[in-house]
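Okay, structure first, notes after.
The values are calculated or read from the model by the stated rules, or taken from the named source; none is laboratory data. These numbers were taken from a predicted model, which means no experiment stands behind them. Every residue, glycine among them, receives a Cβ derived from its backbone with ideal geometry; neighbour counts consider all protein chains shown.
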Amino acid sequence: MDIPYVVDARPDTGLNNAKLAIWLFLASEVMLFGALFSSYVLLRVAAPVWPHGYDVLNVPVATFNTLVLITSSVTMVMSFASLKMNDLATFKSYIGITVILGFVFLGVKAYEYSEKFSHELYPSENTFLAIYFTLTGLHMLHVIGGMIVNSYYWGPGSKLWHTAPAQFTNRIEVAGLYWHFVDLVWIFLFPVLYLL
Amino acid sequence: MEHAAILDHAAPHAHGHEQSFWRTYVFSLDHKVIGIQYAITGLLFLLFGFTLMMIMRWQLAYPGQPIPVIGGWLGTANAPGGIILPEFYNQLGAMHGTIMVFLGVVPLAVGGFGNFVVPLQIGAPDMAFPKLNMASYWVYFLGGVTMFASFFVPGGAANSGWTSYAPLSVIATMGQTIWLFGMVFLITSSLLGSINFIVTIVQLRAKGLTFMRLPFFVHAQLVTAFLLLLAFPPLEAAGVMQLMDRLAGTSFFMPSGLIISGQPIDFSGGGSPLLWQHLFWFLAHPEVYVLILPAMGIVAEILANNTRKPLWGYRVMVLSAIFLGFMSFIVWAHHMFMTGMGTTISAFFQTTTMIISIPSVIILSALFLSLYGASIRFNTPMLFAISFLPMFGIGGLTGLPLGLAPSDIHLHDTYYVIGHFHYVVAPGTIFALFAGIYYWFPKATGRMMNETLGKIHFWGSIVFMNLIFMPMFAQGLVGINRRLWDGGMQYAHAAPYQGLNVMQGYAAWAMFLFQIPFIINFFMSIRSGKPASKNPWDATTLEWTAPSPPPHGNFTSVPEVFRGPYEYSVPGAATDFLPQAQPDSGGAPTPAPTAAH
């Protein structure tokens with residue numbers, strides 16, 4: 001029993017199944033983070049006093065983190081492009097760098113969080129910190145999820161290249177779309193939380 | 001048992017190798033098996049939710065009296081001496097709602113019927129992502145186990161209503177935390193499933209099956225999938241925030257200066273209980289359309305088939321379903337009219353709520369009009385499907401005074417609301433689901449259900465459903481509040497209505513007794529029902545071209561579609577129905593049906 005359009009595009013929609021699926025998933029993720037951003041807005045508007053992000057959080061460190069994620073999106077695309085050019089070794093290098101950059105991001109966030117905790121600045125302290133930790137925490141979980149997927153494709157998952165290269169390339173494209181989204185969420189998070 | 005009938009023809013040999021019992025019956029990737037797993041689990045949870053309600057019904061009929069027979073089983077924490085404590089009554093109420101909506105109706109309507117029927121109706125070999133499908137069932141199962149387990153922790157299950165309003169839910173007992181984790185599982189399951197449905201319907205339609213040739217059931221499931229995809233995430237976010245409030249001491253929903261039992265609470269404050277309500281109802285309103293759309297889809301299929309004529313207004317029904325889905329995102333605050341909102345925003349939500357009734361009425365009217373001039377076959381699925389129409393009509397009409405703020409002032413949080421929504425879901429959706437079970441049972445099992453038992457089930461259900469829920473409109477109009485553990489009997493204005501609760505209790509028991517013929521029929525027919533052909537109902541849609549039950553991969557040859565879904569009683573045709581997959585003798589495809597005929 002063969003399910004059609006796993007790799008080939010369906011003529012009238014122009015899509016393969018996985019590509020449609022990931023865009024739908026990303027739509028739901030927009031609603032998830034959108035709800036949290038909306039909550040930020042409502043909580044801030046209602047608050048008699050609200051700190052500026054740059055007074056509480058470490059902007060230079062987060063700027064570095066932003067550049068780390070943007071770079072990782074570039075390397076993700078390069079990994080996909082390498083597969084399109086039939087170069088598995090370069091693909092592995094690029095997706096490996098993407099995963100490493102993910103670890104860098106996580107490390108920096110761990111440093112930021114521990115800095116806060118060491119000054120007894122917990123989520124329970126005020127609603128700004130509550131939404132900061134929740135938004136960045138949920139984002140971090142999404143980063144970890146993406147890293148698990150990317151690591152899998154760097155490692156055991158790459159075996160699929162040898163039996164079904166077109167399907168494997170599609171999977172990397174789909175993983176790349178997810179990773180770009182995770183990056184995009186951070187592009188919104190950074191100014192809203194740190195700069196405003 | 002159930003699986004055996006389907007899978008005798010199916011999985012073990014289909015891949016050219018034997019699959020173990022576990023891969024065939026438990027961890028199957030076949031949408032039909034998964035659909036049946038969802039359906040049976042959903043039916044079991046419906047039964048469990050019903051028993052919770054039966055315990056509440058005792059308390060309402062005889063407040064403060066010990067429950068006979070099972071009083072001792074409930075435990076001294078819940079019912080010392082067999083007398084239900086208010087805390088336990090609240091658990092029953094919250095979990096009855098949660099279980100019926102999230103563990104019962106939606107898994108049966110979407111996970112069960114959707115999974116089983118949609119691939120067959122579009123001519124596909126399976127869903128687009130079989131592994132994702134299996135994962136979504138098991139995550140649902142995990143969510144169900146989590147919810148069930150919450151009854152057994154100290155403090156019992158969640159007891160802040162299925163709506164879990166803050167700040168009560170934030171300071172509630174441990175069961176609320178478990179409820180939140182259970183909801184995370186259920187939302188995840190729903191998300192995976194909805195992606196699968198949309199991709200399947202868009203990508204895997206058979207050749208010739210354009211969107212406007214799809215059975216209305218498929219359109220209904222497609223809109224439902226979009227509602228689940230886009231409306232659930234805000235509740236997930238809200239659930240995370242409530243977990244943070246409960247576990248990390250944040251104040252997303254905890255206002256400043258809150259005093260509980262004379263003590264100021266130990267939270268930073270600055271949060272908003274209203275924020276929870278907005279996020280919750282942003283999902284929960286589209287959720288009610290998730291509850292009704294598959295039911296409308298089922299009724300449409302059964303009406304077209306048993307009237308032997310095309311659905312009236314197919315195109316208008318499809319457009320209405322899509323418009324309904326879109327509108328459902330902008331009405332949510334009609335659940336919040338009493339929260340102190342300003343008149344402008346209240347006017348906005350009243351307007352959108354009135355507008356959203358239009359597509360519902362159009363769909364209901366089209367279904368009613370489909371009966372006109374019809375040659376009706378009154379079999380059991382048709383009885384349930386026809387009864388859906390006035391029952392949903394009552395439910396929908398009684399929603400109107402709730403959707404208008406001035407009348408809602410009087411009716412809000414009373415038994416009128418309970419009557420309204422139960423009419424839509426209980427004799428509404430659930431009757432449609434029963435209809436669907438009787439209708440598609442032959443396809444799933446290769447056997448017909450017994451008509452006599454079916455008719456007994458139907459007549460008992462419709463009589464006693466109405467006896468249970470119709471009095472609630474009166475109780476609400478006179479001002480009896482909902483969620484009162486003694487049924488409101490401490491208030492003088494409720495006293496004259498005490499007797500109604502006794503009658504409703506008896507009706508609930510009778511309702512339960514009339515489900516027994518159904519349960520017997522269900523299991524008995526699997527073994528010894530009359531064998532069914534491929535197409536025992538002489539229906540036109542694609543699922544009836546597959547064997548009963550269909551093998552792994554569904555169709556023995558790749559289907560192609562030549563006409564719309566409801567070509568019944570076509571003038572000049574040899575039979576009173578033209579199947580979608582039957583080629584024209586002339587070779588040219590018939591155009592899809594237009595709105596009028």
Requested in this report: Give the residue, chosen from B:PHE282, B:PHE253, that is modelled with pLDDT of 95 or more and under 20 Å from B:THR173 (Cα atoms).
Outcome: B:PHE253
Query raised in the report: within 10 Å of chain A (Cβ to nearest Cβ) and out of contact with any Ser or Thr (no Cβ under 9 Å at 6 or more places or on another chain), is that true of B:THR173?
Result: no
Query raised in the report: Which ranges mark the helices (runs of 4 or more DSSP H) fully within the stretch A:81-196 that have 1 or more residues being of a type in the set (Asp, Glu) and either in contact with a helix residue (DSSP H, G or I) (Cβ under 9 Å, 6 or more places away or on another chain) or away from chain B (no Cβ under 14 Å) (or both)?
Result: A:88-118, A:165-189
Query raised in the report: Mind checking whether some residue in the stretch B:357-367 is surrounded by fewer than 22 Cβ atoms within 10 Å (Cβ to Cβ), on the phi < 0 side of the Ramachandran plot and modelled with pLDDT under 95?
Result: no
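Quick check on this structure: which one of B:SER346, B:SER256, B:SER320 is among the small types (Gly, Ala, Ser) and within 14 Å of chain A (Cβ to nearest Cβ)?
After applying the criteria, what remains is B:SER256.
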Query raised in the report: Restricting attention to the stretch A:43-55, and to residues there that are surrounded by 16 or more Cβ atoms within 10 Å (Cβ to Cβ) and of a type in the set (A, V, I, L, M), which single residue is modelled with the lowest pLDDT?
Result: A:ALA47
Requested in this report: Output the residues belonging to the stretch B:536-558 that are without any contact (Cβ under 8 Å) to a residue 40 or more places away in the chain and part of a helix (DSSP H, G or I).
Outcome: B:THR545
**Report entry** Scan of the stretch B:551-566 for residues that are buried (at least 21 other Cβ atoms within 10 Å of the Cβ) and of a type in the set (D, E, K, R), ordered by number
**Finding:** B:ARG563
Report summary line: Residues of the stretch A:44-71 being among the aromatic types (Phe, Trp, Tyr) and more than 14 Å from chain B (Cβ to nearest Cβ), in sequence order, are A:TYR54, A:PHE64
Report task. From B:GLY239, B:GLY270, grab the single residue that is part of a loop (DSSP other than H, G, I, E, B) and either over 23 Å from A:GLY137 (Cα atoms) or within 14 Å of chain A (Cβ to nearest Cβ) (or both). Result -> B:GLY270
Query raised in the report: Restricting attention to the stretch A:27-42, and to residues there that are polar (S, T, N, Q) and within 7 Å of another protein chain (Cβ to nearest Cβ), which single residue is surrounded by the fewest Cβ atoms within 10 Å (Cβ to Cβ)?
Result: A:SER28
Query - Number of the exception - B:ALA284 against (1) without any contact (Cβ under 8 Å) to a residue 24 or more places away in the chain; (2) under 25 Å from B:TRP179 (Cα atoms); (3) surrounded by fewer than 24 Cβ atoms within 10 Å (Cβ to Cβ); (4) small (Gly, Ala, Ser) - result: (1)
**Report entry** Contacts under 6 angstrom Cβ, first residue in the stretch A:47-58 being closer than 15 Å to A:LEU121 by Cα, partner surrounded by fewer than 13 Cβ atoms within 10 Å (Cβ to Cβ), 6 or more apart
**Finding:** A:GLY53/A:LEU196
Requested in this report: Go through the stretch B:163-178 and give me each residue that's in a loop (DSSP other than H, G, I, E, B) and of a type in the set (A, V, I, L, M, F, W, C).
Outcome: B:ALA166, B:ALA172
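For the stretch A:146-166, which positions are without any contact (Cβ under 8 Å) to a residue 12 or more places away in the chain and within 23 Å of the chain's Cα centre (by Cα)?
A:ILE148, A:TYR152, A:GLY155, A:PRO156
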Query - Residues of the stretch B:306-348 satisfying the condition of being touching a residue at least 40 places away in the same chain (Cβ under 8 Å) and among the aromatic types (Phe, Trp, Tyr) - result: B:TRP312, B:TYR314, B:PHE329, B:TRP332, B:PHE337
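Confirm whether B:ASP245 is in contact with a helix residue (DSSP H, G or I) (Cβ under 6 Å, 6 or more places away or on another chain) and either at pLDDT 95 or above or more than 15 Å from A:ALA46 (Cα to Cα) (or both).
yes
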Report task. Within the stretch B:214-236, work out how many residues are over 11 Å from B:ALA321 (Cβ atoms), more than 10 Å from chain A (Cβ to nearest Cβ) and either in contact with a Phe, Trp or Tyr (Cβ under 7 Å, 6 or more places away or on another chain) or part of a helix (DSSP H, G or I) (or both). Result -> 0
Report task. Could you check, for the stretch B:381-404, whether at least one of its residues is in a helix (DSSP H, G or I), free of Cβ contacts under 8 Å to residues at least 24 places away in the same chain and closer than 19 Å to B:LEU291 by Cα? Result -> yes
Requested in this report: With the condition kept exactly as written, say whether any residue in the stretch B:454-470 is hydrophobic (A, V, I, L, M, F, W, C), in a loop (DSSP other than H, G, I, E, B) and touching a Ser or Thr at 6+ places or on another chain (Cβ under 9 Å).
Outcome: no
**Report entry** A:VAL74 surrounded by fewer than 16 Cβ atoms within 10 Å (Cβ to Cβ), of a type outside the set (Ser, Thr, Tyr) and within 14 Å of another protein chain (Cβ to nearest Cβ)
**Finding:** no
Query raised in the report: So, in the stretch B:287-319, of the ones that are in contact with a strand residue (DSSP E or B) (Cβ under 9 Å, 6 or more places away or on another chain) and not basic (Lys, Arg), which residue ends up surrounded by the most Cβ atoms within 10 Å (Cβ to Cβ)?
Result: B:ALA304
**Report entry** Members of the stretch B:57-88 that are outside any loop (DSSP other than H, G, I, E, B), under 32 Å from the mean Cα position of the chain (by Cα) and surrounded by 14 or more Cβ atoms within 10 Å (Cβ to Cβ)
**Finding:** B:ARG57, B:TRP58, B:GLN59, B:LEU60, B:ALA61, B:GLY71, B:LEU74, B:GLU87, B:PHE88
Query raised in the report: Residue check: is B:SER256 assigned to a loop (DSSP other than H, G, I, E, B), touching a Ser or Thr at 6+ places or on another chain (Cβ under 6 Å) and not basic (Lys, Arg)?
Result: no
Requested in this report: Please determine, by comparing only the residues of the stretch B:119-157 that are of a type in the set (S, T, N, Q) and away from every other protein chain (no Cβ under 14 Å), which one is surrounded by the most Cβ atoms within 10 Å (Cβ to Cβ).
Outcome: B:SER150
Query - Looking only at the stretch B:559-588, and only at residues there that are assigned to a loop (DSSP other than H, G, I, E, B), farther than 21 Å from B:ALA124 by Cα and of a type in the set (A, V, I, L, M, F, W, C), the one that is nearest to the other protein chains (Cβ to nearest Cβ) - result: B:ALA588
Report task. Sort out which residues of the stretch B:474-496 are surrounded by 20 or more Cβ atoms within 10 Å (Cβ to Cβ) and part of a helix (DSSP H, G or I), and write them in order of number. Result -> B:GLN475, B:GLY476, B:ALA494
**Report entry** Residue that is farthest from A:PHE168 (Cα to Cα), among those in the stretch A:3-22 that are more than 7 Å from chain B (Cβ to nearest Cβ) and surrounded by fewer than 16 Cβ atoms within 10 Å (Cβ to Cβ)
**Finding:** A:ASP12
